[in-house]
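These notes concern the structure reproduced below.
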Amino acid sequence: MLDALPPLVPLPLPEPRRRDVRRRAAATVRTAVRHLRGTALRRLFRRPEPAQDVARALRRTFEALGATYVKLGQLVASAPGVFGASKVANAVKAAETGVGRSGGSDSTRPAAV
């Protein structure tokens, strides 16, 4: 059956403009800073912070950044030995909400947390 399929032909994709890449990178950094600045400041000043709060901030960041980052969160959820149990628990929660999946009521916007 596989012999009947036509050969695979790679499709050339357009190269993104440098300006667009910089704009997307800046938007990603702004979103990460908005959601993670409290965590970063507490760590900088060596203030205690529950691991659950760090995990929640990461989940909110991934959800705000969109489907590709939600997929990264799913990767985190699949490796508790690497990322820690509380971070994994929040990543699983984000994966279960279906943020970034098509077919939802509004798949382009993250769910409110």
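For region 28-82, the set of residues classified as on the phi > 0 side of the Ramachandran plot and of a type outside the set (D, E, K, R) consists of 66 only.
Residues that are among the small types (Gly, Ala, Ser) and either modelled with pLDDT under 90 or surrounded by 22 or more Cβ atoms within 10 Å (Cβ to Cβ) (or both) within region 59-76 comprise just one, 73. Only one of the listed residues (42, 19) is in a helix (DSSP H, G or I), surrounded by 12 or more Cβ atoms within 10 Å (Cβ to Cβ), more than 14 Å from the chain's Cα centre (by Cα) and without any contact (Cβ under 8 Å) to a residue 24 or more places away in the chain. That residue is 42.
The values are calculated or read from the model by the stated rules, or taken from the named source; none is laboratory data. Owing to the predicted nature of the structure, the values given are computational and were not obtained by experimental measurement. Quick reminder, even Gly has a Cβ in these numbers, built from the backbone with ideal geometry, and neighbours come from all protein chains shown.
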